[in-house]
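Undergrad: I'd like to ask some things about the structure below.
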């Protein structure tokens, strides 16, 4: 969770001028209601335990240029904005607002982002459990306006850092990675990936969420992440204290499960679905 708020700029009369396109107000109202009508948003400020944000971001496998920030759902303020947002969107990291970031969303993907956020919240509370929310990352992709004015595909990953005493969302670390080199097509799906070797849920559709767990085991996900870092079987085996032959068997299994023909296709699929 974490890309949407109940605020958006440029509202005027019955229409909204947004990225040089007129978007009906009723469509934007759907986005507003994602958080403003939700009882899952923190009602008070929440404190983040000391953490190393660079280390946390570094633990997410990077497949392209990225930027990150922390959004506080209590008042929609930003902190810890990375300087790289200037290179991707042209925003000053010291002055950028959440509305600025929302304003980059391609109008064609507005409805999807709103629905994905709402569906992910519902899925968390009904299926995963709010007690586990800080141990998962939410993933989906959306088209966004880049610094050069053109649209590119961003992969959105968010990790909830705090919740209030009622389980409402407090602060969230959001990471946006540019993945145009992998795909220009949005999958219109979202994933909830465990950071704790728990059950992960991939490729969920907000029209009819499927609570079936991820097809890969926690060990296979570990190996996928290490493959994406360019490690060979020997190096992966050393990291996981297993033999290179065992790694080879795991690689064969994940290719079979995913119906991918090669490692490149497998990595692309895993990036788009949030596994890495």
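Undergrad: Quick one: if you stick a label point 7 Å off each Cα along the C-beta vector at residue 235 and residue 203, how many nm between them?
TA: Those two pseudo-labels are separated by 2.9 nm.
Undergrad: Can I ask one more? Fewest Cβ neighbours within 10 Å first, please rank 89, 80, 181, 156 accordingly.
TA: Working: 89 19, 80 16, 181 12, 156 23.
So the residues, fewest neighbours to most, are 181, 80, 89, 156.
Undergrad: Related question: Give the dimensionless ratio obtained when the Cα radius of gyration of the stretch 136-276 is divided by 2.2 N^0.38 Å. Spell out each step's value before the answer.
TA: Details: Rg = 16.5 Å, N = 141, 2.2 N^0.38 = 14.4 Å.
This ratio for the stretch 136-276 stands at 1.14.
Undergrad: Between the alpha-carbon centers of the stretch 242-265 and the stretch 159-200, tell me the distance in whole angstrom.
TA: First find each Cα centre; the distance between them is then 25 Å.
Undergrad: Roughly speaking, what is the stretch gain from residue 111 to residue 265, that is 0.36 nm per residue apart minus the C-alpha to C-alpha distance, in nm to one decimal?
TA: Values: separation 154, 0.36 × 154 = 55.44 nm, distance 2.83 nm.
Full extension of this stretch gives 52.6 nm more.
Undergrad: Taking other Cβ within 10 Å of each residue's Cβ, how do 179, 223, 242 sort, fewest first? Kindly include the intermediate steps, with their values, before the conclusion.
TA: On the way: 179 20, 223 25, 242 16.
The order, fewest Cβ neighbours first, is 242, 179, 223.
Undergrad: To continue, here is another question. Once you compute Rg and the Kirkwood Rh from C-alpha atoms, what is the Rg to Rh ratio for the stretch 58-144? Could you put the intermediate results ahead of the total?
TA: Numbers: Rg = 14.4 Å, Rh = 14.8 Å.
Here Rg/Rh amounts to 0.97.
Undergrad: Go from 0 up to the bin containing the longest alpha carbon distance in the stretch 218-272, width 10 Å each, and give me the % of pairs per bin.
TA: The calculated distribution, bin by bin, is 26, 60, 14.
Throughout, read-outs are computed from the coordinates displayed, never taken from laboratory work. What you are looking at is a predicted structure, and each value in this text was computed from that prediction instead of being measured. Every residue, glycine as well, gets a Cβ built from its backbone with ideal geometry; the counts of neighbours run over all protein chains shown.
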